[in-house]
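Written out below as structure tokens is the structure these notes cover.
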Amino acid sequence: MTRAPKLAILMRLAMRVVVDPETIVPKAITAVKAVDFSYARDLGCTIRQVARAQQVKGRRGATVGPMLVDLRSADGVVAGTENMVILTGHYGATWFSRATARAGIRRRLRW
């Protein structure tokens, strides 16, 4: 499953809104070049493929694409095939993280 359908599911659960995944147009990280990562590193950042949803004053938006991420932030420390969900609301932030199923399969195949 690609990120847009996953994001639509999370929006349904967290924001209680129905979003057609087809309306979330992903931008490929393939447009990011090696020099972009070098500049990001100079800024103390990295570039990650991020799916993001936001609701402000009743208006909602959702994007999937490359994003500059501070290396000291929770989403900056994600490594390899690990996925992370960060929920931020009136009472602060909560995050959940785990390796993808694909990573688990690779680990089992090595043994």
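A few points about this structure:
- Theoretical FRET efficiency, 1/(1+(r/R0)^6), r = Cβ-Cβ of Thr30 and Leu87, R0 35 Å, to 0.05: 0.75
- Across all directions, the average flat footprint of the convex hull enclosing the Cα atoms of the chain is 8.8 nm².
- Net charge dipole size for the chain [Lys, Arg +1 and Asp, Glu -1 on Cβ; Debye, nearest 20]: 380
Bear in mind these aren't lab numbers, they're just calculated from the coordinates by the rules spelled out. On a predicted model such as this, the values are computed, not experimentally measured, just so you know. Here Cβ is always computed from backbone atoms with ideal geometry, including for glycine, and neighbour counts include all displayed protein chains.
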